[in-house]
Amino acid sequence: MRIHHLNCGSVRTIEATYDGPPATPAVNHCLLVETPADGLVLVETGLGLGDVRDPAGTLGADWVAMAGPALKEEETAVRQVARLGYRPDDVRHVIVTHLDVDHCGGLPDFPGARVHLLAAELEAALAEAPSFRYRPAHWAHGPDWATYTPEANDDWFGFASIRPDGLPEDIRLIPLGGHTAGHTGVAVREGDRWLLHCGDAYYYHRELQPDPHPHPLMDVVQTRSEVHHDLRLGTQARLRELVRDHGDQVSVFSAHDPWELAAAVAG
């Protein structure tokens, strides 16, 4: 499978907490996966055309003021898919780590795709919307939802895993709790290694170091948006163990860290 790393929505500029990398906008890190038999699979959608054209209406004025999105049409997933030579309906599957606005804003741009996520996340979104994090404009088109419940009988490096219906076994949902009611990571095999998109399980690469260092600005965002503090910290501890014990087999990254995205694009 060929995998493309995309930034589907730049937001507020942040600085690294150490000398070296320059300040740069935070990102919405998405994956476009070309599968042999199941079409294109989009992992996360970032911000969509509707968000760029009517940000207050679809994202909400409070979220826009907090995140400071760049709102560039060329950054939307649908425009990047087109630049790679594909049509929107070539994206047959979308997987979202959760339904926060910046992770599912592009769903309306792929109305024919099947959308995979944890059942608890969809239930929470439908119950709480409209809210700061969940905006019904992103699913008003009536997506073809495929929902899942975590099971403990399919181990992936010590984590529970779920094989989404209609997709190859090289793509897994890896539940990573704490940020939202049904937050999940997404694992994709690339050659002899795995990629693990951790969504918002953590925000900054230094959080996964043996001596973790949260980002002062991004940590405010993640602590304010968590639904279960201890579960979120426990998830991060398990991810540190994964990097320590299996870093030669698994590449781990989060949704918004621009330096992780730059490293992934550089290969």
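Annotations
- The length gained by stretching the chain between residue 132 and residue 66 to full extension, at 0.36 nm per residue less their Cα-Cα distance, is 22.7 nm.
- Amide H contacts under 5 Å for residue 95, placed H, 5+ residues apart: 42, 43, 44, 116
- Estimated FRET transfer efficiency when R0 is 22 angstrom, pair residue 233-residue 157 (beta carbons, to 0.05): 0.65
- Sites listed here are GluC sites (Glu not before Pro) in region 159-267 whose DSSP assignment is loop and whose Cβ has at most 14 other Cβ atoms within 10 Å: 169.
- Take the chain and mark each of the trypsin sites (Lys or Arg not before Pro) that is in a DSSP loop with at most 15 other Cβ atoms within 10 Å; the longest unmarked stretch, sites excluded, is 73-267.
- Total charge dipole magnitude, the chain, about the Cα centre, Cβ charges on Lys, Arg, Asp, Glu only, Debye to nearest 20: 340
- Global form of region 126-227, assessed from the alpha-carbon gyration tensor, a/c cut-off 1.5: oblate
- Taking Lys and Arg as +1 and Asp and Glu as -1, the other residues whose beta-carbon sits under 15 Å from that of residue 161 total -2.
- DSSP beta bridge pairing in the chain, given as percent antiparallel to the nearest 5: 60
- Pairwise centroid distance, computed over Cα atoms, of region 136-150 with region 13-28, Å: 33
- Along the axis of the charge dipole computed for region 1-137 (Cβ charges of +1 for Lys and Arg, -1 for Asp and Glu, origin at the Cα centre), the listed residues 59, 77, 9 are led at the positive end by 77.
- For the chain, the square roots of the Cα gyration tensor eigenvalues, ordered a ≥ b ≥ c, give a/c below 1.5, which places it in the rounded category.
- Within region 1-80, the GluC sites (Glu not before Pro) that combine a DSSP coil assignment with at most 12 other C-beta atoms in a 10 angstrom radius are 15.
- Each of residue 243 and residue 4 was given a label point 7 Å from its Cα along the Cα-to-Cβ line. The distance between the two points is 2.8 nm.
FYI, it's all coordinate maths here, none of it is from the lab. Since this is a predicted model, take the numbers as computed values, not measurements. When we count neighbours, we look across all protein chains shown, and the Cβ atoms used for this are built from the backbone with ideal geometry, even at glycine.
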